[in-house]
1. By average Cβ neighbour count within 10 Å, what is the ranking of 225-238, 104-117, 276-289 from highest down?
2. What is the list of residues in the stretch 161-195 whose amide nitrogen lies under 14 Å from a point 7 angstrom out from the Cα of residue 218, following Cα to Cβ?
3. For a quick protection proxy, order the peptides 77-85, 204-212 by their average other-Cβ count within 10 Å, most packed first.
4. Roughly how far apart, in whole Å, are the Cα centres of the stretch 193-253 and the stretch 133-189?
5. Could you give the Stokes-Einstein D for the chain in µm² per second, using the C-alpha Kirkwood radius, 25 °C, 0.890 mPa s?
6. Quick query: amide H of residue 242 versus all other amide H atoms, modeled in the peptide plane; which residues come in under 5 Å with a sequence gap of 5 or more or a different chain?
7. So in the chain, what percent of DSSP beta bridges are antiparallel if you round to the nearest 5?
8. Any idea what the dipole of the chain comes to, in debye rounded to 20, about its Cα centre with Lys/Arg Cβ at +1 and Asp/Glu Cβ at -1?
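Just so you know, all these numbers are worked out from the coordinates, no wet-lab data involved. Keep in mind it's a predicted model, so treat the numbers as computed, not measured. Cβ placement follows ideal geometry from the backbone for every residue including glycine, while neighbour counts extend to all protein chains displayed.
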Amino acid sequence: MTQVPDFTLNNGVTIPALGFGVFQTPPEQTIAAVETALSTGYRHIDTAAAYGNEREVGEALRRSGVDREQVFVETKVWITDYGYEETLHAFTKSAGKLGLDRIDLLILHQALPDEFDLTIRAYKALETLLGDGKVRAIGVSNFMPQHLIRLLEATSVVPAVNQIEVHPYFRQSDVLAVDSEHGVLNQAWSPIGGITFYRDSGHTSTLEDPVITGIAAAHDRTPAQVMLRWHLQQGRQVIPKSVTPSRIAENFAVFDFALTADELAAIDALDTGKRGGPEPERITRENFALNIPEA
Ligand code: NDP
């Protein structure tokens with residue numbers, strides 16, 4: 001089976017360079033998708049309290065027969081569970097649904113720019129969970145440089161990761177640079193540009209981009225594989241999502257070819273500067289209200 005290289009987080013914990021995402025995977029399809037991923041060789045699953053499928057991720061883990069210690073499980077606390085006590089309880093909810101005593105990586109799903117004190121209290125709960133050994137690493141998602149700096153000023157554990165939108169049409173190179181400067185690993189969400197084709201993004205799909213399809217043809221690979229290589233060769237961890245077994249396999253088969261420096265630069269040049277996901281500065285608990293049920 002393919003050996004996936006690891007990245008080492010800033011606290012020494014290792015994470016596979018390529019994981020499996022389950023955003024928008026309906027609960028009734030999650031067990032099959034995650035079981036397929038695990039049997040293909042994926043050893044990192046990225047879910048979130050807000051995805052409503054943590055229970056099924058846990059069930060797939062148990063059914064797969066893969067040793068729990070071999071799988072890196074990441075989940076996210078939703079903003080309606082921010083606050084010190086609330087976020088400690090959010091861990092209990094997620095761990096209960098996953099059926100795990102310990103979560104490998106627990107991250108804040110978004111910053112709340114208008115309620116940053118609450119964001120800090122939520123992060124302090126993550127620090128407590130880390131100190132208590134309930135989680136092996138903690139981090140953030142969708143944090144812009146100004147959010148990261150404010151967090152670093154008020155807390156003591158540097159986030160292990162920042163999970164942000166990165167694909168050829170939206171590279172966020174300023175965010176990538178600030179994260180790297182502080183030892184925060186960049187995790188690319190929508191790594192093959194999913195958000196450019198499952199949401200109206202005002203431009204064509206990354207999968208049909210002529211630069212990407214041209215590079216794919218030159219290597220006898222697919223556009224998705226080329227984009228995943230682009231991230232990996234630039235030091236980003238990736239979490240492609242699919243419910244389709246052939247694509248789950250395709251996205252995993254990216255460790256036996258390499259792009260040239262010119263090809264990487266050609267993909268870099270596709271950046272449109274146009275965000276697909278919600279604007280991080282405008283996330284509020286009112287706009288994105290979601291009740292996360294008990295385990
Ligand atoms: P991806 O870039 O992973 O694209 C997923 C889409 O691409 C799906 O429609 C999937 O379809 C399709 N697809 C997958 N593989 C291929 C392939 N080889 N060829 C053609 N089409 C393919 O986007 P996501 O937005 O899902 O991002 C990945 C993960 O990142 C999420 O699942 C989640 O874990 C995380 N994420 C985090 C966010 C955050 O705010 N922190 C926001 C968004 C995502 P199908 O499933 O039908 O095969």
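1. 225-238, 104-117, 276-289
2. Flagged as within label range: none.
3. Highest-to-lowest ranking by the protection proxy: 77-85, 204-212.
4. Computed from Cα coordinates, the inter-centre distance equals 22 Å.
5. The Stokes-Einstein estimate is 128 µm²/s.
6. Amide H to amide H, under 5 Å and 5 or more residues apart or across chains, residue 242 pairs with 21.
7. Around 15 percent antiparallel, to the nearest 5.
8. 400
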